[in-house]
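Here the structure is laid out as C-alpha cells; the discussion comes afterwards.
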Amino acid sequence: MKNTMKIFTYLLTVLFLCGFMMPSMAQSGTDDFPTDDVQIKLAIKSAPSDKAEGAKVLGYNKKGEIVVLRQGTNDLVCLADDPFKKDIHTACYFKELEPFMARGRELKAEGVSTKEMRKIRGEEAASGKLQLPEKPATLFVFDADEEAVDLSTGDVAESRIRSVIYVPYLTGEESGLPTKPVGGGLPWLMDAGTHRAHIMITPAK
C-alpha cells in the first residue's frame, strides 16, 4: 500500500510540474522568433540593389500568419522566410505575380497539396479567374542553411541566389530554350507550355 501511495504521489508530482513547465517550453519557441527588422533584412537579400529599399515586404507574426511588415514604393514584393520551417528561404518578385503568389499561399493555408494547388491555379488561370502576368515577370530566390544565418541580426555567412522569369504558356519551340536542366548555370524552361512556365537561371556551383 505504501509503495502504491509513493508511486501515486510521484506521478502527481510529475504531472504537476509538467503542467507548469509545458507552457514555458512551448513559449520558448517564440523567444528566438526573428524581429520585423531581421525578417525584412533577410527578405530583401535577393532583391536587385536598386529596388531593395523600396520593396514591399510580407512577413510572419508569431501565429504563423502572413502580414505586411513594410509598405513598398516600387514594383517589387518580397516575402520573408517562414520562421516555422527549417533553413532560410526568401523571395522577391515583380508585383504582377502577386495574384498568382497570393492564391498559392491561400490554397496552401487551406491544406491543399502542391499537386492539387497547381491544378486549381491552372484551371483558374485558363478561365480568367486568376490573373497571370501579361509580360515576363521576374522572381528572385534567396536560400541559406539555418546554421549560416544569425537570426538575431540577419547576418548571413553563406547563401545562394537564383533567378526565375515567369512567361506563362511559353514553350521550348517558341523560346529556343531547353526544357530540362543542362547545368553550367545555363537557363532552361520549366513547366513549358503551362500557366507555370518559367525560365530557371541557377548560377553554377
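FYI, it's all coordinate maths here, none of it is from the lab. Values in this document were obtained by computation on a predicted structure and should not be read as measured data. Cβ coordinates were reconstructed from backbone atoms using ideal geometry, including for glycine residues, and neighbour counts include every protein chain displayed.
Summary of computed values
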{"quantity": "Distance violations [Cα-Cα > 31 Å] among Lys56/Lys115; Lys62/Lys180; Lys119/Lys180; Lys86/Lys115; Lys63/Lys205; Lys108/Lys180", "calculated": "Lys62/Lys180; Lys63/Lys205"}
{"quantity": "Test item: Cα-centred dipole of region 35-201, Lys/Arg +1 and Asp/Glu -1 on Cβ, debye", "calculated": "440 debye"}
{"quantity": "Signed unit charges on C-beta, dipole axis of region 138-205, positive-most listed residue Thr202, Met190, Thr153", "calculated": "Met190"}
{"quantity": "Label-point separation in nm, Lys135 to Phe33, each point 7 Å along Cα→Cβ", "calculated": "4.1 nm"}
